[in-house]
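Notes to accompany the following structure.
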Amino acid sequence: MIQRYQNLFKKLNLKKEIAFIPFVILGDPSFNISIKIIETLINNGADALELGIPFSDPLADGPTIQSSSLRSLKNNININKCFEIINIIRKKYKEIPIGILVYANIVFNKGIDNFYYNCSYEQIDSVLIADLPIEESKLFNKSAIKNNISTIFICPPNSNENLIKKISFNSINYVYLLSRSGVTGIEKQALKPINNLVTKLKKYNSAPVIQGFGISSIKHINNAIKSGIKGIIIGSFIINIIEKYYKKPNKMIINIKKAAKEFKKATIY
C-alpha cells in the first residue's frame, strides 16, 4: 500500500506546516474546468485533496455544496466520470493523497466491492462516507481494507468517550474532526474550541486529526494550529468562488489560485 498520507504528514511535520486540503465537487462547473480547478489547487499549495462525488440529496451539506452537486449532476457527471477525472489527476500527480467523500447510496448502487475495487484501480487513498455511522461501517470497511483503501471516520464535536475510542482505534490515515454540528458552510462566527477533543483523540493514539466544517479564514487556521490539528479541510469558501464565477472561468481560476496561496501560507507555524 502506498503510504501517501503518512509520507505527507512526516514531510509537513519537518517543515512545521499543517496540511491544506481543499474540497471540491467533481464535475463542477464542467468536466474540463473541474480538472483545471483541481490542478490550480495542487499547483498553488494543496497538500492533499478531498473530492466530492455529486449526489442529489447530500444531507450533510449546506446550500453552497448542494448547489455545486446539482450543477455537476446537470452536466451528467456520474461516478464513472468522477473516476475519469481522478484518473487524469492521478496520472499527473503521483504523490498527492486523494480522498473522496461520498454518500452510502452511491456505494450501494455501484456495489460495495466493485466501488472499492474502482477506488483502488484509480489509486484513491481514502474514502469518507458522509452518512455512514461507525457502528454500521463493518461491511464497507472490510471491502476497503481488502482494496487497500483507508476509511475516514467523522468525529462530531459532541462525541462521547466511547465514540472517540472507536474512531481512534479504527482510523488509519486521519480523523475528520468537525468544527461544529450541522451542515457544511462558511462559519461567520468564531468556531468553538476543540482542544479537548484533540487531546482525547491523542490519548487513544488516533491518526492525525484534520479539522473541517466552517473553516474559511486565516484566523480559523491559526486556531486549528494552536489546538494541535494536523490539517484543515476548506470546501465552501472555494466552492463559493466557483459559484460566483462559473460563467467566467478565467476569473474563477485567478481567484481560486489567490485563495489557495493565502490558505497554504497560513498553515506554516
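Quick notes on this one:
- The stretch between residue 117 and residue 219, if pulled fully straight at 0.36 nm per residue, gains 32.7 nm over its current Cα-Cα span.
- Surface analysis of the stretch 1-135 yields an accessible area of 42 Å² per residue, using protein heavy atoms and a 1.4 Å probe.
- Estimated Rh, the stretch 63-144: Kirkwood, alpha-carbon pairs, angstrom: 13.7 Å
- Pair residue 258, residue 138: separation of 7 Å Cα→Cβ label points (nm): 5.3 nm
- Across the stretch 32-42, rounded Karplus estimates of 3J(HN,Hα) from the backbone phi angles (6.51 cos²θ - 1.76 cosθ + 1.60, θ = phi - 60°) give 6, 6, 4, 5, 5, 4, 5, 5, 4, 4, 5 Hz, Gly and Pro being marked x.
- Label-point separation, residue 160 to residue 104 (7 Å along Cα→Cβ), nm: 2.0 nm
- Take each peptide in 223-233, 86-96, count the other Cβ atoms within 10 Å of every residue, and average; sorted highest first, the result is 223-233, 86-96.
- Relative contact order (%) - the chain, alpha-carbon pairs under 8 angstrom, separation at least six: 23 percent
- Accessible carbon and sulfur surface of the chain relative to its total accessible area, %, 1.4 Å: 53 percent
- Length released on extending from residue 205 to residue 36, taking residue separation times 0.36 nm less the Cα-Cα span: 57.1 nm
The values are calculated or read from the model by the stated rules, or taken from the named source; none is laboratory data. If you're wondering where the values come from, they're calculated on a predicted model, not measured in any experiment. Cβ coordinates were reconstructed from backbone atoms using ideal geometry, including for glycine residues, and neighbour counts include every protein chain displayed. Accessible surface is based on the protein model in full, side chains and every heavy atom, while ligands, DNA and RNA are left aside. Shrake-Rupley method; radii C 1.70, N 1.55, O 1.52, S 1.80 Å.
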